[in-house]
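The values are calculated or read from the model by the stated rules, or taken from the named source; none is laboratory data. Just so we're clear, the structure is a prediction, and the values are computed from it rather than from any experiment. Positions of Cβ are backbone-derived with ideal geometry, glycine not excepted, and every protein chain shown enters the neighbour counts. Side chains included, ligands, DNA and RNA excluded: accessible areas come from the protein's heavy atoms. Shrake-Rupley method; radii C 1.70, N 1.55, O 1.52, S 1.80 Å.
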Amino acid sequence: MERVYNFNAGPSALPKEVLERAQKELVNFQNTGMSIMELSHRSQAYEDVHNEAIQLLKELLSIPENYEVLFLQGGASLQFSMLAMNFLQEGKIGNYVLTGSWSEKAIKEGKLIGQTAIAASTKETKYTSIPSLDKLTYQENDAYVHITSNNTIYGTQWQSFPTVNHAPLIADMSSDILSRPLDVEKFGLIYAGAQKNLGPSGVTVAIIRKDLLESNVDHVPTMLQYKTHSETNSLYHTPPTFAIYMLRNVLNWVKEQGGTNTIAAKNAEKAKIIYDAIDESNGFYSGHAEKGSRSLMNITFNLPTEEDSKRFLANAKDLGFVGLNGHRSVGGCRASIYNAVPLEACVALRDYMISFKK
Ligand SMILES: *Cc1c(COP(=O)(O)O)cnc(C)c1O
């Protein structure tokens, strides 16, 4: 069977080269006579992979010396709790920018731990945009300011980031990390579940500024302290070794592609093809996001009627397009075009959109 055009929102497409490499190395990894999954996480062969993944991420995102890369588990969803447990101290405020379902979930967990505030919200307008940077309201005693860099469900993305000086800026970058170059220094903490742009599910990447590891976490369970994982090179307990191996392979692939600048240009080209199909359809396809807030990762759109959308999706399935249905909470259509989705898939979708309209 041919590989399909995979527009899944997450877990999502992986580069074919990465899968083929894993296939080739699966049964006997580097002459160990074992697969990577069967190696001890304390073995040199595994540790080399683990450290290469950390090194590659530092290189590709130009992560400064005063930051650490951590491999955690529990997905971005556990980060919602973990960041609040580590940083939301008594008398302080967790300040959240609400731009979609994931930010709502983040603040929900923050509320279970301490006091929260809303720095800005676009809920009133159905999350069709990112608030402008001068509309964010801060509190004097903010423990942190939290944003969601790309809103996977609504298809909006921050085009630039605020400069926050009074507290660490924390970002959930699950669905756009490594899709473009990043000024890491703007952030105290960046986290991302791997299953969109970085690899398979099972590993969560955190990039944390070292001074934040000093916060008082005496009351926090050991496994949920960032410090625990930092002090042990993310080997405090058994890490998801296969997921980290796959992450390493994906990072190698990104490097071979030319790094984040090249990837960003490709992503812009891919997104333009589909957004153009929307904009040139005389309103047959309507994008959910306002133009200035459009995501280059998740393109959300509707057809004139629910019936049309259903037919569009059913025909698409027959033609080998996978994952084009919108999130169950919003309906409509969504094309997730992460780093690993090839240009050809976007061209094929554009052609299908044009012919379906006719
Ligand atoms: C997918 C996603 C999550 C949830 O990630 P899990 O790893 O399933 O917990 C959180 N935030 C954003 C922005 C996402 O896209």
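Meeting the requirement of 3 or more residues that are outside the structural domain of residue 325 (by TED's automatic domain parsing) and either modelled with pLDDT under 95 or within 11 Å of the ligand (Cβ to nearest atom) (or both), the strands (runs of 3 or more DSSP E) wholly within the range 100-207 are 189-193. Restricting attention to the range 60-97 and to residues that are open to solvent by less than 10 Å² (accessible area, probe 1.4 Å) and of a type in the set (Gly, Ala, Ser), the residue that is nearest to the ligand (Cβ to nearest atom) turns out to be 84.
Taking the criterion of being part of a helix (DSSP H, G or I) and open to solvent by 10 Å² or more (accessible area, probe 1.4 Å), the residues of the range 208-227 that qualify are 210, 211, 212, 213, 214, 222, 223, 224, 227.
Scanning the range 266-302 for residues that are free of Cβ contacts under 8 Å to residues at least 40 places away in the same chain, under 19 Å from residue 161 (Cα atoms) and open to solvent by 50 Å² or more (accessible area, probe 1.4 Å) returns a single hit, 291. Filtering 171, 192, 143, 206 for residues that are in contact with a helix residue (DSSP H, G or I) (Cβ under 6 Å, 6 or more places away or on another chain) and either in contact (Cβ under 8 Å) with a residue 24 or more places away in the chain or within 27 Å of residue 329 (Cβ to Cβ) (or both) leaves a single hit, 143.
Among residues of the range 6-45 being small (Gly, Ala, Ser) and within 16 Å of the ligand (Cβ to nearest atom), the one that is nearest to residue 298 (Cα to Cα) is 9. Taking the listed residues 233, 261, the one that is surrounded by fewer than 16 Cβ atoms within 10 Å (Cβ to Cβ), of a type outside the set (Asp, Glu) and in contact (Cβ under 8 Å) with a residue 24 or more places away in the chain is 261, with no other qualifying. Residue-level check: of (1) open to solvent by 20 Å² or more (accessible area, probe 1.4 Å); (2) within 20 Å of residue 197 (Cβ to Cβ); (3) not β-branched (Val, Ile, Thr), residue 134 misses just (2).
All conditions in (1) assigned by TED's automatic domain parsing to the domain that holds residue 161; (2) at pLDDT 95 or above; (3) not charged (D, E, K, R) hold for residue 216, with the sole exception of (2).
Has the range 77-92 got any residue that is outside the structural domain of residue 348 (by TED's automatic domain parsing), at pLDDT 95 or above and at positive phi? Looking through the range 77-92, at least one residue is outside the structural domain of residue 348 (by TED's automatic domain parsing), at pLDDT 95 or above and at positive phi.
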